[in-house]
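Data first, discussion second: the structure below is written as structure tokens.
Please treat every number below as a calculation from the coordinates, not as lab data. Nothing here was measured: the structure is a model prediction, and the numbers come from that model. Backbone-built Cβ (ideal geometry, glycine too); neighbour counts: all protein chains shown.
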Amino acid sequence: MINARTLRRHVIAAADHLNLPLTVKQAGFLANAIAAGATRGSHPDIELTDQQHAVLVGLASGEDAQETADRIGRSLDTVKTHRRLLYTALRAKTGAQAVAIAIDCGLLRMNAQAAARSGGDA
């Protein structure tokens, strides 16, 4: 499974190869948008903001709050606020519970490799 950090390295390498002027921060934003689009589902009763979804992706990837803040270009306090709002929106008490609820509701999709490791269906 490719994570956002690896994806960012690929975006930077592709930009260098194509001689595109792209900052590391811009590459990070692009990688985050690609990762979120690849994992984002929908649920009619639960609306998450893009930032809440980015935090959810970080939780699902095992990132701590500081790693998520670095990846999405926000402060640690902002990420902590988004986590609290995410837990409220999903009625979850922990990050693991938030991820499980999000997967169950279709807000977060697992790829085939992750599903095979966990014994679930993709």
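Put a dot 7 Å past the Cα of Thr94, heading toward its Cβ, do the same for Ala13, and the two dots end up 3.6 nm apart. As a rough guide to protection, the peptides 79-91, 6-18, 56-68 ranked by mean Cβ packing within 10 Å, highest first, stand as 56-68, 79-91, 6-18. Once the C-beta distance of Thr81 and Thr6 is scaled by a Förster radius of 30 Å, the resulting FRET efficiency is 0.65 to the nearest 0.05.
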